[in-house]
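The values are calculated or read from the model by the stated rules, or taken from the named source; none is laboratory data. Everything numeric in this text was worked out from a predicted model, so none of it was measured. Here the Cβ positions follow ideal geometry from the backbone for every residue, glycine too, while neighbour counts run over all protein chains shown.
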Amino acid sequence: MSDRALEQDESLLIRAARDFSRAELLERDRKWDRLDGSVTEILPKLAEMGMFNLMTPEDIGGLGCSYRTYSAILQEIAYASPSTAVTISVHNMVGLVVDRFADPSLRRTWLEHWGDSKNFGAFAISEANAGSDPGASLTKANRDGDNFVLSGEKMWITNGLTARWFVTLARTSPGEGKAGLSLLMVDGDSKGIDRTPIHGKMGIRGSETAVIAFDDVVVPASHLLGDEGAGLSASLTALDGGRIGIAAQAAGIARSCLDEMISYAHEREQFGTKIAGFPAIQKMIADSHVELAAATELIDYAAWSKDSGRGDWAASSKAKLYATEAANRIAYRAVQLHGGMGYVNECRVEQLFRDARITTIYEGTSEIQRVVIARELLKSS
């Protein structure tokens, strides 16, 4: 995104994110990858910078960023730390769900403190047998007077080990299929919640991933987000915005790969000359540059579409599909250009190659994005 298209305060915010990520996140991200550490060690710093309040409305103390500014910030963060970018993205996505669907009496109470790292949020939808098909969720929330009693297990939950709040998809009306699913705001301090870390991930190791078990957790009925039985629709609405965040994460990874490629091409010599002069190397760099440019344009359009209220569902899917797959191609070229050095962890492109891989999977696989895009095209023809 060109800074010329932004207001001055938006441009300053993006530059602050850029400076912070280069100075504070790059080496930390490398350490988290090596030691299977966690970005949560810097949550207070991220909160201080306003990273948890990016999309919270200004009238509740947030920054009220547009999607265009938000996606640009995430690209800058992901350039240095893809793990931090997805951590920020998920928390802000949960905040948007609260903003849109929470009972008015609780919306302000929750969002007034959303920028505090102690109110970290997670999105608990996926289950062992309900990934691309969230409608197959088996987690149950049975009504008991003024409460729901929640039981079930969620998997692959980003921010799951530290989160205070879980936006959770659960079945409140058994036997009614997708119409029986509702969204609940679950307090992570409640009794009956067990968190198990998932280790051994290929990439984004600094991002928390957990299995969350709910064992007869009492949730006030007032914590229902949206109408009872409309949870799947609300979840898909949230994921549509979340896809812009993951597309931005992928673009940040891709830009970092491209810069590494250019830098190494100027340093590495073979056959008595810099490899930057080799046509094969130039083609890798040129193709990567063009794909990244196309990805950022798709992301910017999707963000603009959300900001303008156009309701173009396919825009977010197109951005995510292209940006994430392009990031994987660019990361592949980055490793190839570095040769043997690109295959060892000492070289950053080895990590970026692994980090890029997840972007085509979470927040909806590439295959699901193609289904969404095709449906919209067939609907309009």
Identify, please: which residue in the range 72-85 is in a helix (DSSP H, G or I) and hydroxyl-bearing (Ser, Thr, Tyr) and is, among those, farthest from residue 107 (Cα to Cα)?
-> 79
Among the residues of the range 175-212 satisfying the criterion of being under 19 Å from the mean Cα position of the chain (by Cα) and of a type in the set (Gly, Ala, Ser), which is surrounded by the most Cβ atoms within 10 Å (Cβ to Cβ)?
-> 206
Hey, could you check the range 272-312 for residues that are among the β-branched types (Val, Ile, Thr) and loosely packed, with under 13 Cβ neighbours inside 10 Å and say which is farthest from residue 69 (Cα to Cα)?
-> 273
Give the residues of the range 162-174 that are aliphatic (A, V, I, L, M) and surrounded by fewer than 24 Cβ atoms within 10 Å (Cβ to Cβ), sorted by residue number.
-> none
Does any residue in the range 274-297 that is closer than 28 Å to residue 243 by Cβ come within less than 7 Å, Cβ to Cβ, of a residue that is modelled with pLDDT under 95 six or more places away or on a different chain, and which pairs are these?
-> 296/1
Look at the range 321-347 and say how many of its residues are within 21 Å of the chain's Cα centre (by Cα) and under 18 Å from residue 257 (Cβ atoms).
-> 10
Residue 318 meets each of (1) within 19 Å of the chain's Cα centre (by Cα); (2) surrounded by fewer than 21 Cβ atoms within 10 Å (Cβ to Cβ) with one exception, condition (2)
Enumeration of residues in the range 132-169 that are within 20 Å of residue 106 (Cα to Cα) and under 22 Å from the mean Cα position of the chain (by Cα) | 163, 164, 165, 166, 167, 168, 169
Considering only the range 293-316, state which residues are of a type in the set (Asp, Glu) and either at pLDDT 95 or above or part of a loop (DSSP other than H, G, I, E, B) (or both).
-> 297, 300, 312
Residue within the range 280-292 that is in a loop (DSSP other than H, G, I, E, B) and on the phi < 0 side of the Ramachandran plot present | no
From 363, 346, 367, 350, grab the single residue that is over 17 Å from residue 132 (Cβ atoms) and either outside any helix (DSSP H, G or I) or touching a residue at least 24 places away in the same chain (Cβ under 8 Å) (or both).
-> 346
Within the range 132-161, of all residues that are in contact with a Lys or Arg (Cβ under 9 Å, 6 or more places away or on another chain), over 15 Å from residue 215 (Cα atoms) and modelled with pLDDT of 95 or more, the one surrounded by the most Cβ atoms within 10 Å (Cβ to Cβ) is 160
